[in-house]
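Values in this text are rule-based calculations from the coordinates and carry no lab data. Bear in mind the structure is a predicted one, so any value in this text is a computation, not a measurement. Neighbour counts are summed over all protein chains in view; Cβ atoms, including those assigned to glycine, are modelled from backbone coordinates with ideal geometry.
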Amino acid sequence: MRAPGRAAGASVVAALVLAACAAAAGQDPGPKARRPPYRFDLPKNDIFRVTAAIPDNHQVSAFLFKGETKLFFYEQRKKDSGLFIAVTPCTSSVAWSVLYRNHSDAGDRLADVTVASLGAPLESNRGADTEVFAREHAPPGLYVLEVTPLERESYVQFYATEDPGGPAALSVPHRARLRLRRRGRRRQLAVSWEQSKVDPHVTQYCLAVNARRHYRSLCEARGEAQGVAPPPPAPRAPGFDPRLERAQARKSELASKAARAGRGLKADLLVECVGRRTQYTLTQLEHGKVYHFDVFGVNRKTNLSFPYGRAALKYDQRSRPAALRDAKAARVNLRKLDGRATFKFKVGRQAPGPLQMYVMPCGGAVDAEVTSQGKVVVARRRVEGYDVLRVADAARGQRFLLKVVARDPDELSRISALEVLATARGDAGFPLPAMPQERRLHEFPGLSDCRSVTLGWLPSPDPAARYCVSAAELRRGWDEAPGATPDQCAAERRRPQHCLARDPAANSTVMTHRVRDLKPGRGYVVQVTAKKLRGKALAYDLLQVVTKDSCS
């Protein structure tokens with residue numbers, strides 16, 4: 001004869017199990033449903049191990065202490081249907097088994113049935129990886145999972161489905177390939193991946209980055225990043241606590257905001273959920289450190305999270321040299337490269353002349369150096385505006401490295417771009433005109449009046465060079481006037497007022513020109529450019545002039 005306390009306890013547990021199953025199936029446990037199909041006569045210790053029913057097609061989590069065993073139930077009602085139950089340990093490996101009770105074996109009275117009477121497990125597993133209990137043809141009945149954490153307390157996730165083939169996201173044989181692209185600025189690294197082919201319209205993504213190891217599940221990464229704590233007190237209604245899922249999501253959101261506030265991967269582990277986006281940019285990575293990247297997909301409809309892709313990279317702060325093509329200009333954003341750029345150039349087999357390189361920072365100054373096989377062939381020099389670097393004895397097939405550095409942060413902030421070119425084709429392949437050493441413009445005050453000024457400058461050694469003159473009025477006063485050094489990248493942007501060529505018959509060593517159609521008593525910035533045939537224009541130093549106030 002059973003003790004009254006045990007019978008009452010068993011009835012309560014059975015009612016909880018039935019109500020949880022009905023709730024999981026979306027049914028209202030009305031008066032008729034209150035009579036459970038299974039009335040377990042559980043021992044007293046087993047009563048307190050009963051947790052909840054596993055719903056269909058929705059991932060849920062449960063918390064277990066180390067060494068604690070809990071029971072989880074799934075009721076299979078359909079005939080000739082498959083059953084797939086995925087068990088995902090989070091921060092500890094677990095031991096778990098699946099037991100079974102057939103409907104036909106139960107009859108109308110199961111008061112004497114205990115967990116031990118269910119017989120041998122259908123399947124047992126131990127480990128920290130996600131494992132799936134799979135049956136293509138599962139008989140109807142009650143499936144009971146016994147789960148025990150082995151090393152420490154841990155959350156465990158469950159997902160059950162009767163869909164043919166099981167969870168499609170867990171059965172994809174090939175994971176996505178992650179693309180890692182170094183962007184340079186503030187030590188940035190862009191991580192991108194393709195959209196999931198399984199339920200792409202409801203799949204969101206989370207990225208875990210750390211310098212220790214890869215993670216097998218999203219909950220493992222979150223557990224290590226945020227710690228493991230018991231859930232809030234269970235609600236009165238049976239089943240898994242929905243507040244647990246919301247609390248975990250909120251905790252992850254706060255951790256992500258804290259990481260974003262740090263503007264980079266300063267923490268030991270970053271877990272960031274990006275919604276449906278398929279890329280994320282990391283900043284402030286450390287040179288020489290190996291980083292592990294794990295992308296997880298999360299199905300918004302079923303809450304199922306699954307590994308989607310992984311990669312590892314030893315971060316190298318130094319950028320790879322960009323290849324230069326002979327006589328082809330290359331332009332880079334020096335700010336995005338943290339003020340450092342390296343270019344490689346190989347002298348071609350048909351190169352007839354010496355190596356010539358020009359370095360042109362747009363708006364600031366840089367340091368430039370040329371090396372070959374680790375030896376300096378052009379010593380480091382400061383370049384403001386532009387400079388031409390020459391190697392007279394460059395051999396065919398020889399390789400060179402051009403290193404450009406902007407060390408001053410204030411100087412770097414003024415540089416909008418960097419343009420370089422290398423050629424070994426002689427002057428025919430070099431686009432810049434030859435410029436005189438003295439590049440200052442000179443004003444002849446005695447020849448100026450209220451509507452014009454007269455300029456003079458030394459001509460280019462290239463007799464075929466063509467000159468263009470422009471004058472821009474200073475409307476904001478002298479404080480806004482530019483310095484004497486021009487931005488060579490913008491030398492051709494100004495609309496010239498007049499262009500002229502040197503008269504080959506003239507014996508004068510100075511070019512002169514009268515700039516007309518100016519306004520009385522106004523200040524102007526005058527620019528003169530020299531350009532070779534089918535080449536690039538270079539500007540002389542800028543000159544500030546003022547027209548006379550009176551035309552009398």
### Query
Once phi is turned into ³J(HN,Hα) by the Karplus curve 6.51 cos²θ - 1.76 cosθ + 1.60 with θ = phi - 60°, what whole-Hz value does each residue of region 537-552 show in order, with x for glycine and proline?
7, 10, 9, 6, 4, 6, 10, 9, 10, 9, 6, 5, 5, 10, 8, 7
#### Entry: Dimensionless Rg ratio for region 322-428, taking C-alpha atoms and the 2.2 N^0.38 Å reference
1.03
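Are there trypsin sites (Lys or Arg not before Pro) in region 479-509 that DSSP puts in a loop and that have at most 14 other Cβ atoms within 10 Å, and which ones?
493
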### Query
What residues qualify as long-range amide H neighbours of residue 122, i.e. H under 5 Å apart, gap of 5 or more or another chain, H built at 1.01 Å from N?
98, 99, 100
### Query
So if R0 is 51 Å, what FRET efficiency would residue 152 and residue 396 give, r being the distance between their Cβ atoms, rounded to the nearest 0.05?
0.15
### Task
Largest first and in whole Å, give the semi-axes of region 176-227's equivalent ellipsoid, each being the square root of 5 times a Cα gyration tensor eigenvalue.
21, 20, 9
### Query
What's the percent breakdown of Cα-Cα distances in region 394-552 across 5 Å bins, shortest bin first?
2, 8, 15, 17, 18, 14, 11, 7, 5, 2, 1, 0, 0, 0
### Message
Quick one: 3J(HN,Hα) in Hz for region 188-200, Karplus 6.51/-1.76/1.60 with θ = phi - 60°, rounded, Gly and Pro as x.
### Response
8, 9, 9, 10, 9, 7, 7, 5, 5, 8, 9, 6, x
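Would you mind ranking 495, 101 by Cβ crowding within 10 Å, fewest neighbours first?
If I rank by nearby Cβ atoms, fewest first, I get 495, 101.
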### Message
I need the phi-derived Karplus couplings for region 333-341: 6.51 cos²θ - 1.76 cosθ + 1.60, θ = phi - 60°, integer Hz, Gly and Pro marked x.
### Response
8, 5, 5, 5, 9, 6, x, 10, 9
## Note on the structure
Long-range amide H partners of residue 327, meaning residues 5 or more apart or on another chain whose placed amide H is closer than 5 Å, are 422, 423, 424
### Message
Strictly over 19 Å apart at the Cα level, which of 375/403; 79/301; 336/403; 519/548 would you flag in this model?
### Response
79/301
### Relative exposure of 90, 551, 499, 362, judged by other C-beta atoms within 10 Å (fewest first)
551, 499, 362, 90
### Message
Once R0 is set to 51 Å, what does the formula 1/(1 + (r/R0)^6) return for the Cβ-Cβ distance between residue 290 and residue 229, expressed as a FRET efficiency to the nearest 0.05?
### Response
0.95
### Message
As an exercise, identify the trypsin sites (Lys or Arg not before Pro) in region 301-346 lying in DSSP coil whose Cβ has no more than 13 other Cβ atoms within 10 Å.
### Response
301, 318, 325, 328
### Query
How would you rank 337, 150, 533, going from fewest to most other Cβ atoms within 10 Å of each one's own Cβ?
533, 150, 337
